[in-house]
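For reference, the structure discussed in these notes is given below.
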Amino acid sequence: MTSLFSLSLALLSFLTTAVAASEFTFHEATIESIHLAFAQNRLTSRQLVDFYLDRIQTLNPSLRCVLEVNPDALHQADEADRLRAAAAGGNGTLGVLHGIPVLLKDSIGTDDKMNTTAGSYALLGARVARDAFVVERLRSAGAVILGKASMSEWYWLRSSEIPDGWCARGGQGLNPYVKSGNPCGSSSGSAIAVAANMVAVSLGTETDGSIICPADHNSVVGFKPTVGVTSRAGVIPLSPRQDSIGPISRTVSDAIHVLDAVVGFDPRDEATGEAAKFIPMGGYKQFLREDGLKGKRLGIVRKPFSDSFKGATAASTFDQHLLTLRNNGATIVDNLDIENIDIILNPSQSGEMALLLAEFKHTLNEYLGGLSDSLVKSLAEVIAFNSNNPDLEKMEEYGQDGLIAAQMTNILDEEVVKTERMMKKLSEEGFEKLMKENELDAMVTLGADAATILAIGGYPALTVPAGYDDNGMPYGICFGGLKGSEAKLIEIAYSFEQATRI
């Protein structure tokens with residue numbers, strides 16, 4: 001017979017666990033705080049997922065940043081708790097994201113009950129052949145796949161009339177800080193959800209600003225690695241020359257934990273073979289150093305990026321941040337200019353748009369051909385679907401001029417080949433020349449507009465919250481570097497974040 005003393009101990013243990021869990025701070029929780037709570041038996045993955053699902057149910061109707069929740073999320077959480085208990089008994093080891101919920105942009109393929117649609121009804125019900133490589137890596141690291149985040153439909157390429165953060169499936173995603181403010185795109189939902197505590201971390205994709213801009217505008221951290229450091233296999237493509245997959249989070253350390261989990265060579269993406277040399281032994285977490293600014297040489301490019309902030313609080317705050325960088329050991333080289341900056345920032349003049357349109361048609365047709373149960377097998381069929389479903393896709397409001405323009409291109413056109421050479425030259429004579437001649441570790445800019453400079457050459461970028469304007473709208477500070485300079489950017493951004501705690 002069980003003694004009264006044993007029953008009392010059991011009741012005390014239950015009450016202690018319940019109280020401890022109730023004391024865990026879910027809001028603004030980080031991967032490290034979650035792992036600590038797991039280790040101290042103050043939190044379970046099930047409780048964590050329940051919290052996020054409740055937040056999504058409560059907030060998503062207004063913010064519209066989550067397209068669907070993974071119906072297996074709770075099952076995955078329960079399995080994570082079971083494996084954690086087993087590991088505590090000495091049976092097995094756990095991955096770096098064990099039990100951590102992650103939200104995926106709706107262009108990242110999952111071979112499960114969820115859809116992968118780029119925000120379009122045209123791909124609803126289509127099945128991918130397998131998980132995207134980054135999803136395989138997340139699952140191996142023990143992550144719980146929470147759901148799919150909204151995005152600017154077809155990466156905003158469908159039409160120039162589409163607002164940032166809008167897609168047919170989800171409607172208009174809203175900035176949680178300023179509802180009338182631009183959430184930016186196309187990884188808008190991934191950034192909004194993290195900012196609104198619907199999830200701790202998410203994955204986005206970037207071609208030109210699609211991680212950096214929404215992170216900047218929603219006061220979160222966004223990291224776009226060098227092209228090829230993360231595999232694009234299994235992700236709806238836009239540009240094999242520029243596409244990159246990266247984390248969005250509230251802290252630099254959280255972004256790096258996710259990055260460490262998803263990087264690596266993938267034979268299905270040849271760019272990862274070239275970029276594998278950039279991935280350090282021991283991963284990126286070793287570069288989370290509070291003294292990371294010491295000895296760094298930073299180049300400040302103000303024109304034209306600071307022009308839109310003239311007279312605003314952000315301008316004076318930026319100067320204060322430069323002082324912080326200097327006080328923490330960095331050398332500041334101010335007021336630098338990038339050659340041909342006006343051409344680089346104009347996608348029509350630089351050739352970026354023409355090349356994107358051609359690459360999109362070519363790579364999307366290949367991707368669609370590999371789907372099963374899909375209503376569309378080519379870009380031409382996507383265009384036809386939209387025309388045949390004008391109410392569903394809001395054709396009268398937004399149209400599809402971008403898709404039509406892409407359909408008219410040919411990847412082998414002499415003009416396209418010429419454009420690619422021109423963009424390479426612009427990068428070499430612009431950003432690379434700036435970095436090498438001034439012996440810089442990173443370029444520093446206010447806001448997100450420098451993303452284009454880093455996009456056309458496949459360079460890495462990391463944005464960190466820098467403040468809020470008089471209306472409460474967030475803005476960030478962007479650190480960009482040459483290919484493979486992720487370690488330096490992490491040291492710089494983490495040290496800045498720890499010094500400012502924005």
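Things worth noting here:
- Qualifying residue in the stretch 98-108 (condition: farther than 30 Å from V382 by Cβ and free of Cβ contacts under 8 Å to residues at least 24 places away in the same chain): no
- Cβ pairs under 6 Å, 6+ apart, first in the stretch 281-309 and in contact (Cβ under 8 Å) with a residue 40 or more places away in the chain, second of a type in the set (F, W, Y): L288/Y494; G292/Y494
- Test: residue in the stretch 339-359 that is farther than 28 Å from N410 by Cα and open to solvent by 30 Å² or more (accessible area, probe 1.4 Å): yes
- Considering the stretch 383-417, the residues that are in contact (Cβ under 8 Å) with a residue 40 or more places away in the chain, of a type outside the set (A, V, I, L, M) and under 30 Å from E339 (Cβ atoms) include one that is least open to solvent (accessible area, probe 1.4 Å), namely G402.
- In the stretch 448-502, of all residues being surrounded by fewer than 19 Cβ atoms within 10 Å (Cβ to Cβ) and touching a strand residue (DSSP E or B) at 6+ places or on another chain (Cβ under 6 Å), the one that is nearest to K224 (Cα to Cα) corresponds to I502.
- V199 vs. criteria touching a strand residue (DSSP E or B) at 6+ places or on another chain (Cβ under 9 Å) and either part of a helix (DSSP H, G or I) or open to solvent by less than 20 Å² (accessible area, probe 1.4 Å) (or both): yes
- Filtered residues of the stretch 257-295 (kept if open to solvent by 20 Å² or more (accessible area, probe 1.4 Å), closer than 15 Å to L462 by Cβ and not in a helix (DSSP H, G or I)): L288, R289
- The residues on offer are L146, L174, L238, L138, and the sole one that is under 22 Å from E274 (Cβ atoms) and either hydrophobic (A, V, I, L, M, F, W, C) or not in a strand (DSSP E or B) (or both) is L238.
The values are calculated or read from the model by the stated rules, or taken from the named source; none is laboratory data. All of these numbers come straight from a predicted model, not from anything done at the bench. Cβ atoms come from the backbone with ideal geometry, glycine included; neighbour counts cover every protein chain shown. The protein model used for the area step is the full one, side chains on, heavy atoms only, and it has no ligands, DNA or RNA in it. Shrake-Rupley method; radii C 1.70, N 1.55, O 1.52, S 1.80 Å.
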